[in-house]
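Below you'll find the structure, written out as structure tokens, and then a few comments.
The values are calculated or read from the model by the stated rules, or taken from the named source; none is laboratory data. Note that this is a predicted model, so its numbers are computed, not measured. Note: ideal-geometry Cβ built from the backbone for every residue, glycine included; neighbour counts use all protein chains shown. Surface areas here come from the heavy atoms of the whole protein model, side chains and all, with no ligands, DNA or RNA. Shrake-Rupley method; radii C 1.70, N 1.55, O 1.52, S 1.80 Å.
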Amino acid sequence: MSQKRNFLKIVILGDSGVGKTTLLQQYVHNKANVNNKPTIGADFSKKEIQVDGQVVTLQIWDTAGQEKFQSLGFAFYRGADCCALCFDLTNPASFEALDKWKEGFIDNAGPDDPKTFPFVLIGNKVDREDERRVSSSKAQEWCKENNDMQYFETSAKEGVAVNEAFIAMVKMGIKREQNNQIIMPDSIAGQGGAGGIKLQGNKRGQTNVKTNSCC
Ligand code: GDP
Ligand code: MG
């Protein structure tokens, strides 16, 4: 019998000030202002959710201000299953920075499937519509050029479309896991020190097992 791995790592990227921490807090705690400073020593927040009858544990990684220096470190990216690229609808420079953030993710996370890796685009601060300086169509065009990335316009402050964006990421992450899983017979999984967990072919630093190398 095989076991499911119901764990997903999501990373949130984008310029400083776009609302990444507020998005995370809104999603994890249903509040925009729990504590605007990330807890010292904690690199990620956890949330358990049910998707299609399965319990999924999310590990959501937010930056702690170091994005200003573009130096997030390898651990931040390692093993990410999904990435949210965020900009502020009132700040065109944060939109222009998206390519850089996406490239940085691909260079550092090194996914096996860079062209189809699950990203979503989040245009945040939609509650400030009067001050909008990036149109929906411009953002959608960028998404089209980037493998039809899904696009969400959110207000982390008011909790608009935040759940939807995260659920979309979770579903894409699960789909990707299912596509990449290499199902091991029990006897082999037991020998491999994997504790019965399916071995993945898509993570750096995890065991790669070719189906024809075992018996
Ligand atoms: P980060 O640097 O990307 O983590 O951004 P923060 O989450 O710290 O947010 C930066 C500032 O934008 C803070 O003052 C937030 O209160 C504010 N902010 C975040 N999200 C929203 C939003 O959806 N609407 C509005 N009006 N302000 C927001
Ligand atoms: Mg922050």
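Each residue in segment 128-165 was checked for being charged (D, E, K, R), open to solvent by less than 70 Å² (accessible area, probe 1.4 Å) and not in a loop (DSSP other than H, G, I, E, B), and 1 of them qualify. Counting only residues that are surrounded by 12 or more Cβ atoms within 10 Å (Cβ to Cβ), of a type in the set (F, W, Y) and either free of Cβ contacts under 8 Å to residues at least 40 places away in the same chain or under 22 Å from A93 (Cβ atoms) (or both), segment 59-74 holds 0 of them.
When the residues of segment 115-141 are filtered to those that are out of contact with any helix residue (DSSP H, G or I) (no Cβ under 9 Å at 6 or more places or on another chain) and of a type in the set (K, R), which remaining residue is modelled with the highest pLDDT? So the residue we want is R128. Checking each residue in segment 75-96 for being closer than 25 Å to A161 by Cα and surrounded by fewer than 18 Cβ atoms within 10 Å (Cβ to Cβ) picks out P92, A93, E96.
Considering each residue of segment 39-60, count those that are farther than 19 Å from I174 by Cα and either modelled with pLDDT of 90 or more or assigned to a loop (DSSP other than H, G, I, E, B) (or both), and give that number. The total comes to 5.
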